[in-house]
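Down below is the structure, laid out as structure tokens.
The values are calculated or read from the model by the stated rules, or taken from the named source; none is laboratory data. As the structure is a prediction and not an experimental result, all values here were calculated from the model. Methodologically, a virtual Cβ is constructed for each residue, glycine included, from the backbone with ideal geometry; neighbour enumeration extends over all protein chains shown.
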Amino acid sequence: MTLPVIVIGGGGHAQVVIEALHRCKIEIIGRTDADAGRDADCLGVPMLGGDEVVLEHAPDSVRLVNGIGSVGDAGARQGVFERFRAGGYRFATDPFYSNGFIPTVGQLVERIADRAPTMANRTLALVKTLYNEALRRGFPTVESNPAHMARPPRRADRRGRF
């Protein structure tokens with residue numbers, strides 16, 4: 001049985017996460033945000049209130065999904081994770097993988113290449129490096145490097161220059 005989820009966060013990353021959860025057909029109770037004044041509805045998912053609303057649900061009755069984005073400093077994201085984990089809540093992660101939502105590394109790089117070919121090459125190199133480092137350090141959840149067989153994206157058509 002899959003438990004319903006509450007998405008923590010109300011910005012752009014939360015919206016992407018909600019879309020992924022919809023694709024995976026996972027029941028979403030609602031979303032929370034430290035700024036409870038954000039839009040009342042996001043892709044059909046209601047705003048429940050501030051993050052403290054999660055405490056109205058028993059830890060064994062829901063799973064949480066961290067929808068707080070981060071660029072650079074991930075302190076807020078990490079803080080929310082640690083606070084709720086300490087309270088006995090669990091975060092849902094498996095649905096994305098078990099439902100086949102996450103694209104392969106090659107698909108991801110191709111999607112990026114459609115808009116920014118140079119960035120796609122850099123992304124592929126970074127993903128390879130990250131997985132290799134995780135393998136080197138012995139992370140238990142990383143068994144292989146899915147990027148090792150990914151090919152660099154096709155070259156963008158050269159624009160004619162005068």
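Values for this structure:
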| read-out | value |
| --- | --- |
| Pick from region 1-24, criterion free of Cβ contacts under 8 Å to residues at least 60 places away in the same chain, more than 11 Å from G67 (Cα to Cα) and outside any helix (DSSP H, G or I), ranking: farthest from the chain's Cα centre (by Cα) | M1 |
| Some residue of region 132-140 being in contact with a strand residue (DSSP E or B) (Cβ under 9 Å, 6 or more places away or on another chain) and either of a type outside the set (V, I, T) or modelled with pLDDT under 70 (or both) | no |
| Residues (more than 17 Å from Q15 (Cβ to Cβ) and over 20 Å from the mean Cα position of the chain (by Cα)) located in region 41-74 | G49, G50, E52, V53, L55, E56, H57, A58, P59, D60, S61 |
| Residue pairs meeting the criteria (Cβ under 6 Å; at least 6 apart or on separate chains; first farther than 22 Å from K25 by Cβ, in region 45-65; second among the aromatic types (F, W, Y) and buried (at least 19 other Cβ atoms within 10 Å of the Cβ)) | P59/Y89 |
| Residue that is modelled with the highest pLDDT, among those in region 34-45 that are surrounded by 15 or more Cβ atoms within 10 Å (Cβ to Cβ) and closer than 15 Å to V16 by Cα | V45 |
| Failed condition for G67, given (1) among the small types (G, A, S); (2) more than 15 Å from F81 (Cβ to Cβ); (3) at pLDDT 80 or above | (2) |
| First in region 125-139 and under 17 Å from P152 (Cα atoms), second anywhere and part of a helix (DSSP H, G or I), Cβ under 7 Å, 6 or more apart | V127/V105 |
